[in-house]
């Protein structure tokens, strides 16, 4: 599937595979020391599938983690071998839990330092220096601001839409979509302009073709990047609202 001249999504996130796992554990409200590996693995694979459909860059780390989860799941399904009382079988999740706890600690520290930096920046203004255009980071042009919205919630909504179309697919032929992203962007803007605010679900109302869902989603991300529309989420895991950028 190709949309709009090989448009690729490059979300400005340090949210890698470990962050996704931590998100799923929080969302499912399970004990990080006793992860229900089968359920978490199933959900994790759904997110990875959604990332692949969007042709995301740097998805390799997510695939490696997926393979690790599948290995742990398979290991835990094996019958326990008979062992002496003195012997203990190490939980295959132990290494993963250590990694999650370490990441959680650094993430919380990072957030805390960021809040403090923001607090002090309001009290003491930093001297401004003009950065020559030739030294500017070209990658910054591709960053998609997701302030106040959980990246994984946004991706979950996209994944749900794609899953709902599975039963509608009769023909397995691969569809080549040569519609430019800018055309999808115009459609998205028109839908948002018709109302003061539209929910993520309502934005995709009436769209059943998978290639069009992908096109609309990529267009939405591009409009957010260009500050044409704003996406907001009042509370975690709640419906995402889309409105015009003021």
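Just so you know, all these numbers are worked out from the coordinates, no wet-lab data involved. Here the structure is a predicted model, which is why all the values come from computation and not from measurement. All Cβ positions, even for glycine, are placed from backbone atoms using ideal geometry, and neighbour counts span all protein chains on display.
Remarks
- Extension gain for the segment residue 178 to residue 64, taken as residue separation times 0.36 nm less the Cα-Cα distance, is 37.9 nm to one decimal.
- Calculated FRET efficiency for the pair residue 34/residue 197, C-beta based, R₀ 35 Å, to 0.05: 0.30
- R0 of 41 Å, Cβ-Cβ distance residue 238-residue 113: FRET efficiency to nearest 0.05: 0.90
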